[in-house]
Amino acid sequence: MYLIFTAIAALVSTVIWYKNAPEDKYMLSTLSLIYWGATLMWFVDHVMAYLIEGGEFFEITLDATLLGVTVVLLGLLVWLIILLVKDPKKVFYKVLHSKR
Amino acid sequence: MACFTVPLAEAIIVTVVKKVVEKKERDSQVKCTKQSELVSANETGLSWSQKLSWLTRLLWGGVVLLALEHIWHGEVVPWMPFLTAMNNPADIAPMLHEIATIGTSMAVFVTLIWIVMVLVADHKVKYISKNVKVEN
């Protein structure tokens, strides 16, 4: 389930990035690459587990759904921290500069 | 169990390589500016530091989210020895096997996708610069 959630998040963030490209004021390329990285890794994990152990490809349980939501939120949190630290719009500089 | 350690190791190596490449590119840019040899972006294409930043973001993003999944499943803990499989000697061999098979496959797959991304981007840059030259 978390593979599906992350893949959807990767697709949505890529579409929003492309809509605003070539401008990347909000570093959406970073957000989409974070989700794509996790999607690719979990895809390999799921394929290998399916080939070795068999069973269901997608784990559809409440636990996996909650994990999916948490993973998407963590991706957003990581992106937000990177955005605030790098501050591409120089918001902090402008705020601090105007207060002087 | 700990499959994300292979992409983690790759992410650390690629980040270091990216920093070195960035420094080299900055140095060569300074030389070019001194000699008044400014080359347009269309002629130079995408820089290697830019291409490597795609790979670092893919790897670090994947590693962070996979680490959460491992913490969620109780396979990773924030105290020594960090990997719960290390507590039981019987679990160490399957863990190493998983790292060698799934972990390596993850790292290889992400790198292959990145290589495709770089090839497509380079092809696009060449195509655009060719069209610009024809128009001029």
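The values are calculated or read from the model by the stated rules, or taken from the named source; none is laboratory data. For clarity, every value in this text was computed on a predicted model and none was experimentally measured. Cβ: placed from backbone, ideal geometry, glycine included. Neighbour counts: every protein chain shown. The protein model used for the area step is the full one, side chains on, heavy atoms only, and it has no ligands, DNA or RNA in it. Shrake-Rupley method; radii C 1.70, N 1.55, O 1.52, S 1.80 Å.
Some notes on this structure:
- Residue within segment A:40-54 that is more than 10 Å from chain B (Cβ to nearest Cβ), open to solvent by 80 Å² or more (accessible area, probe 1.4 Å), farther than 27 Å from B:Glu10 by Cα and not in a helix (DSSP H, G or I) present: no
- Criterion: open to solvent by 90 Å² or more (accessible area, probe 1.4 Å), at the interface with chain A (Cβ under 10 Å from one of its Cβ atoms) and at pLDDT 95 or above - qualifying residue of B:Leu58, B:Leu112: B:Leu112
- Condition met for A:Glu23 (surrounded by fewer than 18 Cβ atoms within 10 Å (Cβ to Cβ), more than 11 Å from chain B (Cβ to nearest Cβ) and either in contact (Cβ under 8 Å) with a residue 60 or more places away in the chain or within 24 Å of B:His73 (Cβ to Cβ) (or both)): no
- Filtered residue count, segment B:3-42, keeping only those that are within 14 Å of chain A (Cβ to nearest Cβ) and at pLDDT 75 or above: 12
- Evaluation of A:Thr30 against (1) modelled with pLDDT of 95 or more; (2) open to solvent by 60 Å² or more (accessible area, probe 1.4 Å); (3) more than 18 Å from B:Glu69 (Cα to Cα) (one fails), failing number: (2)
- Condition met for B:Val64 (within 13 Å of another protein chain (Cβ to nearest Cβ), part of a helix (DSSP H, G or I), open to solvent by less than 70 Å² (accessible area, probe 1.4 Å) and not charged (D, E, K, R)): yes
- Matching residues in segment B:71-91 - criterion: being open to solvent by 50 Å² or more (accessible area, probe 1.4 Å) and not acidic (Asp, Glu): B:Ile71, B:Trp72, B:His73, B:Pro78, B:Trp79, B:Met80, B:Phe82, B:Met86, B:Asn87, B:Asn88, B:Pro89, B:Ala90
- Matching residues, segment A:60-100, being touching a residue at least 12 places away in the same chain (Cβ under 8 Å) and more than 20 Å from the chain's Cα centre (by Cα): A:Ile60, A:Thr61, A:Lys89
- Filter result (in a helix (DSSP H, G or I) and either at pLDDT below 90 or not small (Gly, Ala, Ser) (or both)) within segment A:55-68: A:Leu62, A:Asp63, A:Thr65, A:Leu66, A:Leu67
- Breaking point among (1) out of contact with any helix residue (DSSP H, G or I) (no Cβ under 7 Å at 6 or more places or on another chain); (2) over 20 Å from B:Val110 (Cα atoms), for A:Leu51: (2)
- Here A:Val71 meets each of (1) in a helix (DSSP H, G or I); (2) β-branched (Val, Ile, Thr); (3) open to solvent by 80 Å² or more (accessible area, probe 1.4 Å) with one exception, condition (3).
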